[in-house]
Amino acid sequence: MKRFVVAISGASGAIYGVRLLRALKEANVEVHLTVSPAGEINLKLETGMPVSELTKLASHTYAANDLSAPIASGSFLVDGMVIVPCSTRTLAAIANGYTDNLISRAADVNLKERRILVLVPRETPVNQIHIKNMLTLARAGAVILPASPGFYHNPETIDDLVDHVVGKILDTLRIEHNLFKRWAGPN
């Protein structure tokens, strides 16, 4: 069974995290979840879902300030980590090695252990500092996967747009899915 860490930070786009958790549960993946305080607020504001409902989609849940959680250690084996959405604050903390909470510490662990780390920033426009932090993390081995849905699959609903981004995350994690129609050339 695959085992991943999923973190939801305070950027807008909590719907992406919810959809990813549902897809991972459907794929029978063991998920270790942590949500920042700002992530909890956005989750409630954007989806109406309390964090207590979100935790039902995970195998294990940890408080964002619990630096003694298993996912804070490289000796706890996971296949990788996704931060979705990833706030620019979280992006900056990881890029600069500032591990003051469980999200940035677990991300740092995944980088140092050379495991998959997928960061899904949902900020626009971006400034030079954001771009520099993304470049720093990409050079360190992270996958920067902006929440930028494609349109070649002719989405008809918001769910279609969300599924495209979540499908790209699942592709990066090498988890099979049917969330969107893959490009096969013009018809």
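Rule-based calculations on the coordinates, nothing more; no lab input. Note that the structure is predicted; figures quoted are calculated from it, not measured. Because the Cβ atoms are built from the backbone with ideal geometry, glycine has one as well, and the counts that use them run over all protein chains shown.
Annotation: peptides 148-159, 82-93, ranked by per-residue average of other Cβ atoms within 10 Å with the highest first, follow the order 82-93, 148-159.
Global dimensions of the chain from alpha-carbon coordinates: Rg and Dmax equal 15.5, 53 Å.
Taking the Cα centre of the chain as reference, the dipole from Cβ charges on Lys and Arg (+1) and Asp and Glu (-1) amounts to some 440 debye.
Net charge dipole, segment 124-182: roughly 400 debye, given to the nearest 20, about the Cα centre with Cβ charges of +1 for Lys and Arg and -1 for Asp and Glu. Packing order of peptides 171-184, 2-15, highest average first: 2-15, 171-184 (average count of other Cβ atoms within 10 Å over each peptide's residues). Could you work out the relative contact order of segment 3-173, using alpha carbon pairs under 8 angstrom and six or more residues apart, expressed as a whole percent? With pairs under 8 Å counted, the relative contact order is 24 percent. DSSP beta bridges fully contained in the chain are about 0 percent antiparallel.
Taking 21 Å as the straight-line reach from the Cα of Lys2, the lysines in range (excluding those fewer than 8 positions away in the same chain) are Lys25, Lys56, Lys112, Lys168. Thr88 sits among other residues whose Cβ lies under 14 Å from its own Cβ, and their net charge, with Lys and Arg +1 and Asp and Glu -1, is +2.
The alpha carbon centroids of segment 28-60 and segment 131-171 are separated by 20 Å. Charge tally around Gly17: other residues with Cβ under 12 Å, Lys/Arg +1 each, Asp/Glu -1 each, net +1.
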